[in-house]
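S.K.: What follows is a single structure, and I will ask about it in a moment.
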Amino acid sequence: MIKAFLQQGRSLWLAVFLGLLLPAMVFAESPPPGLVKISLERRVIDLSATLDAVEQQRIEQKLAALEQRRGAQIAVMLVPNLGEQNIETLSNQLFRAWKLGRKGINDGILLLVAKNDRQVRIEVGYGLESLVTDLLAGQIIARDLTPAFRQGDYAGGIERALDDLIVLVDGGQLPEPVSAPLTVPPEAYALLLAFIFGSVAGVMLAAGWAWRRVLGALLLLAALLVGVVGGREWPMQLLLVPLCMLVGGATFGGLWQARRVFYGVLGLLLYIALLTLVSQYLGSATFLYGLAVPAGVLLVLGGHWLLYRMMRNSWKKSAKGFRWRLGVLLVLTLLLESAVGGWNSLHSWLAVLPFAYFIAFVLFAGSRNFRWSSGASSGSSGGGSSTRSSSSSSSGGGGSSGGGGASGSW
């Protein structure tokens, strides 16, 4: 009886499992929305009721002139949403269903906009991939479409994007993109100030200041920062501002216990701030070189100091062992030099020098008397449209696209 009961229980669980799994499989394999079945009767198909009749007619005339002049076909489609599909799949299906471009040439382009999903894609046929590359398509999306769409100017963004696509199809080149100035949101400034205030408070507490006054001042500053930023993000700021204060206070409060390290970190931060200020006038390369050159010098000096310590410890341990290691180093260096390019070439010596240093580190690091540091560890941080165009806007017999193009969102 118990065995029969267990078998019935397994059957029941199996039925429940299949009852839950099969609907999910059916929905997962459900056919995509019927957008692919829409025929390409016009060059502009707006199912989201975004473009008015005048805007659609102006765009269609522009695309018709391109097709008459070059033969290439560009279609524009606006949909409310994508449904269960992603924009890459839908654009490729539409491209193939409409057979955009001429047969055998495949010189078609599809501009698909999913308005409510805030996604856009430029799908490019095989025949135009050398002219409208993925990089250029992405540039058009970033420069023409997404900024305009964020402001609600759908018609203006689409027309500017089509103008750039037409330039590329005609064999021209796009102007160089103008780099927009870097804008820092006020939330970032608030978090930076919170970190600075917390760091100062951490040092004051470590130095013995009255903790009630310090914490009271911190609470007041945190309230002011959250209040100044305001907006819909204030609940998140209410969490992040005290967290940044806590991180800054714990970090610099701990560093205050080791004064040399504290002043070293403080000097490094001031140096980085000075570089940031200077780079605003002399260019971003100033910041990079200002960090890279001192870091390189410190790395070289630190490496030489470390090698000197290892060689000195090797000598103290055994003069004979030191001479043996030094002899091996010289022999291997000379062999490398002779193999690289001769004895009189300065370039060959410079090429061999890094390998010689590496060999020296390997040889002299074997000294048992050498210790890296007293506390070092080897682990790591354990719808709709108004007009219809002529029949020339129908399928051109192409429609071959390998997924070239670019997608974006706004």
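Each value in this text was obtained by applying a stated rule to the coordinates, not by laboratory testing. Just so it is clear, the model here is predicted, and its values are computed rather than measured. Note that we place each Cβ from the backbone using ideal geometry, even for glycine, and neighbour counts take in every protein chain shown.
S.K.: Take the alpha carbon gyration tensor of the range 34-177, find the square roots of its eigenvalues, order them as a ≥ b ≥ c, and report rounded if a/c is under 1.5; if not, report prolate when a/b exceeds b/c, else oblate.
M.R.: rounded
S.K.: Say R0 is 51 Å: what FRET efficiency, to the nearest 0.05, do TRP305 and ILE196 get from their beta-carbon distance?
M.R.: Calculated value: 0.90.
S.K.: Expressed in nm², what is the orientationally averaged projection area of the convex hull enclosing the Cα positions of the range 98-170?
M.R.: For the Cα atoms of the range 98-170, the hull's average projected area reads 4.9 nm².
S.K.: What is the gain in length, in nm to one decimal, between ALA49 and TYR289 on full extension, counting 0.36 nm per residue of separation less the C-alpha to C-alpha distance? Spell out each step's value before the answer.
M.R.: Details: separation 240, 0.36 × 240 = 86.40 nm, distance 5.30 nm.
Stretched fully, the ALA49-TYR289 segment lengthens by 81.1 nm.
S.K.: Multiply the residue gap between VAL247 and ARG58 by 0.36 nm, knock off their C-alpha separation, and tell me the result in nm, one decimal place.
M.R.: This chain segment gains 62.3 nm when fully extended.
S.K.: Using label points projected 7 Å from each Cα along Cα→Cβ, tell me how many nm separate GLN68 and ASP163, to one decimal.
M.R.: 2.1 nm
S.K.: By what distance, in whole Å, do the Cα atoms of the range 186-257 stretch along each of the three principal axes, largest value first?
M.R.: Reported extents, whole Å, longest axis first: 39, 21, 14.
S.K.: Okay, next question. How big is the charge dipole of the range 51-165 about its Cα centre, in debye rounded to the nearest 20, if each Lys and Arg gets +1 on its Cβ and each Asp and Glu gets -1 on its Cβ? Intermediate results must be reported in sequence, preceding the final value.
M.R.: Working: 14 positive and 16 negative charges, 48 e Å.
So the dipole magnitude of the range 51-165 works out to roughly 240 debye.
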